[in-house]
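The values are calculated or read from the model by the stated rules, or taken from the named source; none is laboratory data. Since the model is a prediction, treat every value here as computed from it, not as a measurement. Methodologically, a virtual Cβ is constructed for each residue, glycine included, from the backbone with ideal geometry; neighbour enumeration extends over all protein chains shown. Remember, those area values only see protein heavy atoms, side chains included, never the ligands or the DNA or RNA. Shrake-Rupley method; radii C 1.70, N 1.55, O 1.52, S 1.80 Å.
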Amino acid sequence: MAFLRSIATTAIATIPAALAFSSSSSSSFPRSSQSPNPQNRLGLVKTLATPPSALHMDHKLSSQPDAVLPELLTEFMVDMKCEGCVNAVKNKLNEINGVKNVEVDLSNQVVRILGSTPVKTMTEALEQTGRKARLIGQGVPEDFLISAAVSEFKGPDIFGVVRLAQVNMELARIEANFSGLSPGKHGWSINEFGDLTRGAASTGKMFNPVNEENSKEPLGDLGTLEANEKGEAFYSGVKEKLRVADLIGRSVVVYATEDKSEHGITAAVIARSAGVGENYKKLCTCDGTTIWEATDTDFVTSKV
Amino acid sequence: MEAAKGTVKGVAIIIGDNNIRGSLQFLQHPNGTTHVTGRVTGLSQGFHGFHIHAFGDTTNGCNSTVLTSSTPGPHFNPFKKDHGAPSDDKRHAGDLGNIAAGPDGVAEISIRDRQIPLTGVHSIIGRAVVVHADPDDLGRGGHELSKTTGNAGARVACGIIGLQSSV
């Protein structure tokens, strides 16, 4: 009990610091709609600056091989025990394109990264330092009631993780990793229900809130994934007007082909996930194991 | 979350290690009570802790004894209380007590509770419902974990609560 209290106390004491960092981050990197900042070089930001009445109704996902994602705070728990570990982790992360700032909290084994880098890239870099790393939070929870969400596809054939994170009021980042798909193009979408009673067949239509009914395509249309010869597909990009809070409890669906007229072949519920500063758990109190003791097979989906 | 017009319903498909499977339906009544019904099969005989956890993000596994399980966040506890029984004033909102499996390994579930809404800021949509290996001691077991988790042991199955069509 004393041990648990100690952990809880430490976590609680640290959260204000995390929030302070978030506040500092907010002031250092004001949101694009407020004042000029490096993101103004992105076409997307120019679009956002257009007066509301002239906003494009096109909600297409934006993704190109070298597209820059909007900046976001991402938190990992990393198995660090000494200052040398901190330096190794910082050095490794600072080598990555898109990383703007790295903060390390050794006592909580937390690494907080500000940047445009995809989760997959950051995770791989952390593991290259030889230390276990676990994604524990994304977004800026003080700005949004729900800033992050995740859908997990757990087989039997198709595995994947789709992460959604709110960047600002008008924009969400989407990152996806899939394996087990047939090679070629697959449509994918956010559907209105997270009802997997009959798999993808019971998830309803593509999500399209009432105020979007005049748009050319439903807000939940995510376009097309391209699976390589090994059946893997990766996506990172942004979508305008997507609000993570409105998606909780709905589903991500993947289709057999580019066309979405048939039921999807697999679906996963969009679940709440921790924002930055919301998840400093290290001890799994249900069975007493620590986050590091968990076997690697428990992470099969997060490594997909 | 924005409430759908009319009734709000939720559903969770429960999957766990080995042959544990189940399906749960959630229906919110106008009087503020949410009714949970369903069944879970493949359990060992006896009581199993049954909780709603704060996050439905199960990508960070944290369970070395149950390979196919993974760990949602801690119990859903928006009012920061100690773990307890469903009937206690001091309880996590997500503390639903125990479900009981018979000799056939089947637990039939019918629970009514006022702290697990399907709408509003404390909605349970998108959170994880978890079945544990052991009985929940309802905070009274005297174990160091009693006040946090009911000392209910490993998580053997879970599912994410999704929105269901209300028609």
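What full-extension length gain, to one decimal in nm, is calculated for residue A:106 and residue A:228 as 0.36 nm per residue of separation minus the Cα-Cα distance? Please report the intermediate quantities before stating the final value.
Details: separation 122, 0.36 × 122 = 43.92 nm, distance 3.93 nm.
Result for the pair: 40.0 nm of gain on full extension.
Over segment B:8-163, with every protein chain in place, what whole percent of the accessible area is carbon and sulfur at 1.4 Å, could you tell me? Please report the intermediate quantities before stating the final value.
Values: 3050 of 5820 Å².
Reported share for carbon and sulfur atoms: 52 percent.
Which whole number gives the average count of other chain Cβ atoms within 10 Å of the Cβ atoms across peptide A:195-204?
Working: counts 10, 9, 7, 0, 1, 0, 0, 4, 4, 4.
Mean shielding by partner chains, rounded to a whole number: 4.
Taking 0.36 nm per residue of sequence separation and subtracting the Cα-Cα distance, how much length would be gained by fully extending the chain between residue B:7 and residue B:119, in nm to one decimal?
Result: 39.3 nm gained on full extension.
What is the spin-label model distance, in nm, from residue B:166 to residue A:257 if the labels are put 7 Å beyond Cα along the C-beta direction?
The answer from the label model is 3.7 nm.
Report, in listed order, any pair from A:205/A:230; A:92/A:120; A:120/A:205 with a Cα-Cα distance greater than 24 Å.
On the way: A:205/A:230 30 Å; A:92/A:120 14 Å; A:120/A:205 30 Å.
In this structure, A:205/A:230; A:120/A:205 lie more than 24 Å apart at Cα.
How much accessible area per residue does segment A:70-137 have, counting only protein heavy atoms and a probe of 1.4 Å, in square angstrom?
Details: 2570 Å² over 68 residues.
On a per-residue basis, 38 Å².
How many lysine pairs does segment B:8-163 hold where the Cα atoms are under 19 Å apart and the two sit 8 or more places apart or on different chains? Show your work: numbers first, answer last.
Values: B:80/B:90; B:80/B:147; B:81/B:90; B:81/B:147; B:90/B:147.
Within segment B:8-163, the lysine pair count is 5.
For the interface of chains B and A, what total accessible area is buried with a 1.4 Å probe, rounded to the nearest 100 Å²?
So the buried area, both faces added, is about 3400 Å².
For residue A:128 and residue A:197, FRET efficiency with R0 = 56 Å and r from the beta-carbon atoms, rounded to 0.05?
Details: r = 42 Å, r/R0 = 0.75.
Efficiency computed from Cβ-Cβ geometry: 0.85.
First select every other residue whose beta carbon is under 14 angstrom from the beta carbon of residue A:94; then total the charges, Lys and Arg +1, Asp and Glu -1. Walk me through the intermediate numbers first.
Details: positive: A:90, A:92, A:100, A:112; negative: A:95, A:103.
Within the 14 Å Cβ shell, the charges total +2.
Can you figure out the FRET efficiency of residue A:82 with residue B:44, using R₀ = 60 Å and their beta-carbon distance, to the nearest 0.05?
Values: r = 43 Å, r/R0 = 0.72.
So the FRET efficiency works out to roughly 0.90.
Pop a pseudo-label 7 angstrom from the Cα along the beta-carbon direction at both residue A:217 and residue B:110 and give the gap in nm to one decimal.
A separation of 4.7 nm, rounded to one decimal place.
Per 10 Å bin, what percent of the C-alpha pairs of segment B:8-163 does each bin hold, from zero upward?
12, 45, 37, 6, 0
In whole Å, how far is the Cα centre of segment A:235-259 from that of segment B:138-167?
Each part reduced to its Cα centre gives a spacing of 29 Å.
Taking R0 as 30 Å, what FRET efficiency do you get between residue B:15 and residue B:89 from their Cβ-Cβ distance, rounded to the nearest 0.05? Write down the numbers at each step before the final one.
Details: r = 34 Å, r/R0 = 1.12.
The computed FRET efficiency comes out at 0.35.
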